[in-house]
Amino acid sequence: MLVSKTRRALTAGAGAAALLSAATASADYKLNLTRGVTPISQGAYDMHMLILWVCVAIGVVVFGTMFISIIRHRKSKGAKPAQFHESTAVEIVWTIVPFVILVSMAIPATRALVAMEDTSNSDISIKVTGYQWKWGYDYMDEGVSFISTLATPKEQIYNQQDKGEHYLLEVDNPIVVPVKKKVRLLITSNDVIHAWWVPKLGMKKDAIPGFINEMWFRIDREGTYRGQCAELCGKDHGFMPIVVEAKNEADYRQWIADQKGAKAADAAAADRDWSMAELMERGEKKYAANCAACHQASGEGIPGTFPALKGSAIATGPVAQHLDRVMNGKAGTAMAAFAGQLSDVDLAAIVTYERNAWGNNTGDLVQPSEVKAAR
Amino acid sequence: MSTATTHDAHHEEHPSGLARWIFTTNHKDIGTLYLLFALLMFIVGGAMAMIIRAELFEPGLQFVEPQFFNSMTTMHALVMIFGAVMPAFVGLANWLIPMMIGAPDMALPRMNNWSFWILPFAFAILISTLFMDGGAPAGGWTMYPPLVLQTGNAFPFLIFAVHLMGISSIMGAINVIVTIINMRAPGMTMMKMPLFVWTWLITAYLLIATMPVLAGSVTMLLTDRFFDTSFFDAAGGGDPVMFQHIFWFFGHPEVYILILPAFGIVSQIIPTFARKPLFGYSSMVYATASIAFLSFIVWAHHMFTVGMPLTGELFFMYATMLIAVPTGVKVFNWVSTMWKGSMTFETPMLFAVGFVVMFTIGGFSGLMLAIAPVDFQYHDTYFVVAHFHYVLVTGAVFAIMGATYYWLPKWTGHMYSEKLGKLHFWLSTISVNVLFFPQHFLGLAGMPRRIPDYSPQFTEFNQLSSIGGFAFGLTQLLFVYIVIQTIRGGEKASEQVWEGAHGLEWTLPSPPPYHSFSTAPEIK
Ligand SMILES: [Cu+2]
């Protein structure tokens, strides 16, 4: 804090000086852009420092001249005004000199940009889908896919509990990638525009419904890297973080194998009959993770924006219609199609839960097999 | 307020009381209305900013829910841009252009009245959305689909309000152009016009070229939502990114609409207090024109992350960097005007010098943002928030405040309190830097914009920024007080007001007669 106060004092006088002192503290991630852990982020950092220093240098010259003038050429010091007001030569010089500086910055910038946009020869492709408000990951070559949502409890957000170390930057299912491999992301969205950004990986790209964007990274060091959605995407835009775990090749392989095992177990579970108690228990959890952001934990929704499910015509009407709304969503509204995001068991559990919670006592029990049949 | 004008014996009586303001076709009355309206919106938009900074004082949700927070950021921007800064410039144009070019009034007085009186209705509609089912618009002032299409009942009201603002701006712009082209006193050639007139002429053309584009884009949103079109919906063959292209084709010239008149103001103030003619008058005019031209071919630098082809990214990066050249010329010219002058630092000059320094800092961060490979890191973070508040608050708003101090004695016939004016400047300058400078660090450290809650690593700088914000907000009450005090009385102002002032407006009495120049003045 003290450091920043002195910095601030400088700002009032000369902003350039403040920028400069920020730059010297470059090791401190809190003040300056991160160097990150990929060639791209390193390139971005180098460009950033270059242009920052160029700006500081120009600032020193321009503001320096101005402050000399402000100190010397005052009426109170008896300064008599000169009457010059034109010089074509000077005008030409200060048009050309900045132009040359700009060209010299454009050259490395072009080089960096070309490297960043080259997504060819990747080792792994992962499809990233933005949802309001969570991320879906799909390892296209492995058949592994999952949804990743905020893991910070509501109590921490509403200040009823102390905030954890990774407050708002923690998820239930992080995305895992191997180090030293070129990972290509294929980024899209299911509803509104989001943007996938992890500062230490050096780049962000928009997730746009109906279109696929590409970006790549190659992480040098094992570790956990955190980021957030960077494009305003509605109510919980601030609550859809990204966590990337970079592991060595062996650990990564092991993780993939675990994911496949879990998926097989889930598929098997869909084939048996579930009891009401089991479905309600699972349904409550899955509802909280996937639906409560809009329809609220109380099922009462937010009037005017998100309808109540408590006592709603659909949640207490025919099962088929209810299931259809949840699986296929409603086009043109915030109600997304969940068929692709959730497993048969989860969908069955959620629908059962909605039909029996908050006094919607329909008594209906929806089995995973029914969901499977409806797909 | 009646002191602001005096009756002119040679002219017909005009109504007094409320009717005077409703039916007025007088450029000074309308200018005053615009300026007071802008001040009111500045307070409304400022109050919203206070809510934002209060919520961001600490991590966690304390005061407002995320949806309402998003409404605040959205409405703050719309109110400040369309309600405060633009009307303030139109108000200044109304007051000053006829006096500066030696005309009796604006060329199209009835349209002038209408273009003002649309605004209170537009903003009443916009602000009423706060009380509607589903809340006020919360998709950002940029109104990107598909998110904006999720707005509740407020949606059509948002679109209609934007249409009204656009109509008002276009009419104001037509009036400025017609006045400048047709009403100049004999001998007032184009290249003799004060720079404020020049920058407004160019701004007016930008308005006419871009406001219809905004109107078109929001109309497409309207038909997408209500009439089953799919301009911006991929499922129907449309493209949400097309909206962004159209929007920023308006939006980028718009940011120059918000700054070119400020360039004009500063170019009037600095020579007066340096007691030396503006350096490089003609290069200033050409630089303004080049900036205006370039502003039409750089729009996609707001959207480097949407996934444009590499060649597109390169084009928009180069074109954007190019804007630094004419902008640099302007800054160099201002510094050269000061050089070897005989300077005094009354309040308007303080604001002008503050403008040059802090606008240039905003220009530096702008240049940094232009570099696409790093913009991928800066984009949509607090670095961008810091950047545009440096150019808009310490840029445009500081220029408007400087202009107020500079011309207020002319308008009212009274001198403002120099002591309070200086106090206002210094408190504003210190607090505004405490408010916005730390936001650079927040952005670089990775804090996205438009979030109601954040990771605790960002706490210190957010607190600093909020403290600066509250101080800046409070300081502006001092400004309101000074303006009211000056309107109501004070030391008599002379015709020329400032020792070094040149230009036709300073040849009129203070306050000037109801119709500025009934007979055209002679221009030497
Ligand atoms: Cu998002």
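The values are calculated or read from the model by the stated rules, or taken from the named source; none is laboratory data. Predicted, not measured: the structure shown is a model, and the values here were computed from it. Ideal geometry is used to build each Cβ from the backbone, glycine not excepted, and the neighbour counts take in all protein chains shown.
Against the criterion of being within 7 Å of chain A (Cβ to nearest Cβ), in contact with a His (Cβ under 6 Å, 6 or more places away or on another chain) and hydroxyl-bearing (S, T, Y), B:T320 does not qualify.
Determine whether B:T429 is hydroxyl-bearing (S, T, Y), at pLDDT 95 or above and more than 30 Å from B:E495 (Cβ to Cβ). Answer is yes for this residue. Set side by side, the residues B:G166, B:G152, B:G139 differ, and just one is free of Cβ contacts under 8 Å to residues at least 60 places away in the same chain, outside any helix (DSSP H, G or I) and on the phi < 0 side of the Ramachandran plot, which is B:G152.
If you check B:Y406 against the conditions, is it away from chain A (no Cβ under 14 Å), part of a loop (DSSP other than H, G, I, E, B) and within 29 Å of B:T507 (Cβ to Cβ)? Considered against the rule, which asks whether it is away from chain A (no Cβ under 14 Å), part of a loop (DSSP other than H, G, I, E, B) and within 29 Å of B:T507 (Cβ to Cβ), B:Y406 comes out as no. The single residue among B:M358, B:M308, B:M303 that is within 10 Å of chain A (Cβ to nearest Cβ) and either part of a loop (DSSP other than H, G, I, E, B) or on the phi > 0 side of the Ramachandran plot (or both) turns out to be B:M308. B:F364: in a helix (DSSP H, G or I) and either facing chain A (nearest Cβ under 8 Å) or not acidic (D, E) (or both), yes or no? Taking the combined requirement at face value, the residue satisfies it. Within the range B:223-250, being touching a helix residue (DSSP H, G or I) at 6+ places or on another chain (Cβ under 8 Å) and surrounded by fewer than 18 Cβ atoms within 10 Å (Cβ to Cβ) holds for B:F226, B:T229, B:S230, B:A234, B:H245. Scanning the range A:56-80 for residues that are out of contact with any Gly (no Cβ under 9 Å at 6 or more places or on another chain) and surrounded by 21 or more Cβ atoms within 10 Å (Cβ to Cβ) returns a single hit, A:M66.
I want to confirm something. Restricting to the range B:19-46 and keeping residues that are touching a residue at least 40 places away in the same chain (Cβ under 8 Å) and of a type in the set (G, A, S), which single residue is farthest from B:L119 (Cα to Cα)? Only one residue tops the list, namely B:G46. When the range A:189-204 is filtered for residues that are more than 12 Å from the ligand (Cβ to nearest atom) and surrounded by fewer than 24 Cβ atoms within 10 Å (Cβ to Cβ), only A:K200 remains. All conditions but one from (1) aliphatic (A, V, I, L, M); (2) at pLDDT below 95; (3) over 22 Å from B:V384 (Cβ atoms) apply to B:A445; the one that does not is (3). Please give the number of the condition A:Y137 fails out of (1) more than 7 Å from every other protein chain (Cβ to nearest Cβ); (2) away from the ligand (no atom under 16 Å from the Cβ). For A:Y137, the exception is condition (2). For B:G60, state whether it is part of a loop (DSSP other than H, G, I, E, B) and among the small types (G, A, S). In short, yes.
For the range B:385-399, the criterion of being in contact with a strand residue (DSSP E or B) (Cβ under 8 Å, 6 or more places away or on another chain) and surrounded by 23 or more Cβ atoms within 10 Å (Cβ to Cβ) is met by none of the residues.
Among the helices (runs of 4 or more DSSP H) confined to the range A:206-297, the ones with at least 2 residues that are within 15 Å of the ligand (Cβ to nearest atom) are located at A:292-295. The single condition from (1) surrounded by 19 or more Cβ atoms within 10 Å (Cβ to Cβ); (2) more than 12 Å from the ligand (Cβ to nearest atom); (3) within 20 Å of A:L342 (Cα to Cα) that A:G143 fails is (1). Within the range A:328-345, the set of residues being over 25 Å from the mean Cα position of the chain (by Cα) and more than 14 Å from every other protein chain (Cβ to nearest Cβ) comprises A:D344, A:V345. The listed residues are A:T129, A:T119, and the only one of them that is out of contact with any Leu (no Cβ under 6 Å at 6 or more places or on another chain), part of a loop (DSSP other than H, G, I, E, B) and more than 10 Å from every other protein chain (Cβ to nearest Cβ) turns out to be A:T119. Condition (residue is of a type in the set (A, V, I, L, M), in a helix (DSSP H, G or I) and within 30 Å of B:M415 (Cβ to Cβ)) applied to the range B:495-514: is it met by at least one residue? Checked the range B:495-514: at least one residue is of a type in the set (A, V, I, L, M), in a helix (DSSP H, G or I) and within 30 Å of B:M415 (Cβ to Cβ). Residues satisfying the criterion are absent from the range B:331-346 (criterion: more than 10 Å from every other protein chain (Cβ to nearest Cβ) and either in a helix (DSSP H, G or I) or among the β-branched types (V, I, T) (or both)).
No other residue among A:G136, A:G143, A:G164 is out of contact with any helix residue (DSSP H, G or I) (no Cβ under 6 Å at 6 or more places or on another chain), modelled with pLDDT of 90 or more and small (G, A, S) apart from A:G136. Given the criterion within 10 Å of chain A (Cβ to nearest Cβ), at pLDDT 95 or above and assigned to a helix (DSSP H, G or I), identify the matching residue among B:G421, B:G468. Going through B:G421, B:G468 in turn, just one is within 10 Å of chain A (Cβ to nearest Cβ), at pLDDT 95 or above and assigned to a helix (DSSP H, G or I): B:G468. The single residue among A:L168, A:L186, A:L150 that is in contact (Cβ under 8 Å) with a residue 24 or more places away in the chain, more than 16 Å from the ligand (Cβ to nearest atom) and within 14 Å of another protein chain (Cβ to nearest Cβ) turns out to be A:L186. Could you please give the count of residues in the range B:370-392 that are more than 14 Å from chain A (Cβ to nearest Cβ) and either over 22 Å from A:L31 (Cβ atoms) or polar (S, T, N, Q) (or both)? Total meeting the criteria: 1. Before we move on, is B:G280 facing chain A (nearest Cβ under 7 Å), of a type outside the set (V, I, T) and surrounded by fewer than 22 Cβ atoms within 10 Å (Cβ to Cβ)? The answer is no for B:G280. When we screen A:N173, A:N159 for residues that are more than 14 Å from chain B (Cβ to nearest Cβ) and not in a strand (DSSP E or B), the only hit is A:N173. Please find, among A:G210, A:G238, the residue that is more than 23 Å from B:P59 (Cα to Cα), crowded, with 18+ Cβ neighbours inside 10 Å and not assigned by TED's automatic domain parsing to the domain that holds A:I302. Going through A:G210, A:G238 in turn, the sole match is A:G210. If only one of A:D206, A:D191, A:D258, A:D266 is more than 24 Å from B:Y378 (Cβ to Cβ), of a type in the set (D, E) and within 9 Å of chain B (Cβ to nearest Cβ), which one is it? Being more than 24 Å from B:Y378 (Cβ to Cβ), of a type in the set (D, E) and within 9 Å of chain B (Cβ to nearest Cβ) holds for just one of A:D206, A:D191, A:D258, A:D266, which is A:D191. Scanning the range B:95-136 for residues that are in a helix (DSSP H, G or I) and out of contact with any helix residue (DSSP H, G or I) (no Cβ under 8 Å at 6 or more places or on another chain) returns B:R110, B:A124, B:F131.
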